[in-house]
Amino acid sequence: MLLIKIINFILFQIGWVTALYFNTWWSGLICLLFAITNFRLLFLHSVPNLLIGCLIASLGMLNDALLLWHDVISIRSISSFPFWLAGLWLLFTSTFDGCLSWLNNKSLVLLSFVGAIGGATSYYAGCKIGAINYHFWHLPDFVFFALNWALLFPALFRLNSLLKAEFNSRT
């Protein structure tokens, strides 16, 4: 299982870098393929778990869509929600039961801390790479993203656990 978690981590990192550096439809496709590979490696019943991942990813996409709609962030040359970002969200959800599984049954405080640091630094890195733009970049913006992710990550992580528990109780 450790090897699968390492593969999960590596595929996520490659997908993240590919999506943010190239931000094209094919980088989104790479993220989707990596996500499907991760779900297939992690689960005997990969299709239901992939559907749960899609639901969780759609909530994350909703968060980013709201950030885009309210002009908190912008993404160069888009007229709709970018495919690469959708693929990246699904790939991210595949880490919940992979390399991030050590967070299962941890406190909401720890999940919030991990979300705040990981989420805010990911947006910062995305801005530095040039995949996204902030209309402002100061300490208050970093704090905003940290707070956003301090709430979002635990909610998505716990929802994932609840849905998987419900699925497993029915099979």
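The values are calculated or read from the model by the stated rules, or taken from the named source; none is laboratory data. Values in this document were obtained by computation on a predicted structure and should not be read as measured data. Positions of Cβ are backbone-derived with ideal geometry, glycine not excepted, and every protein chain shown enters the neighbour counts. Ligands, DNA and RNA are excluded from the accessible area calculation, which covers all protein heavy atoms including side chains. Shrake-Rupley method; radii C 1.70, N 1.55, O 1.52, S 1.80 Å.
Assorted remarks:
- Just so you know, in the stretch 111-125 the residues that are open to solvent by 80 Å² or more (accessible area, probe 1.4 Å) and under 19 Å from Phe12 (Cβ atoms) include one that is modelled with the lowest pLDDT, and it is Tyr124.
- In the stretch 11-60, residue nearest to Tyr124 (Cα to Cα) [restricted to those that are among the β-branched types (Val, Ile, Thr) and free of Cβ contacts under 8 Å to residues at least 60 places away in the same chain]: Val17
- Test: residue in the stretch 149-171 that is open to solvent by 30 Å² or more (accessible area, probe 1.4 Å), under 19 Å from Tyr21 (Cβ atoms) and in a helix (DSSP H, G or I): no
- Residues of the stretch 126-141 classified as closer than 17 Å to Ser74 by Cβ and either open to solvent by 30 Å² or more (accessible area, probe 1.4 Å) or of a type in the set (D, E, K, R) (or both), total: 9
- Failed criterion for Thr93 (all others in (1) in contact (Cβ under 8 Å) with a residue 40 or more places away in the chain; (2) of a type in the set (Val, Ile, Thr); (3) over 21 Å from Ile7 (Cα atoms) hold): (3)
- The single residue among Ala131, Ala125 that is over 21 Å from Trp102 (Cβ atoms) and assigned to a helix (DSSP H, G or I) turns out to be Ala125.
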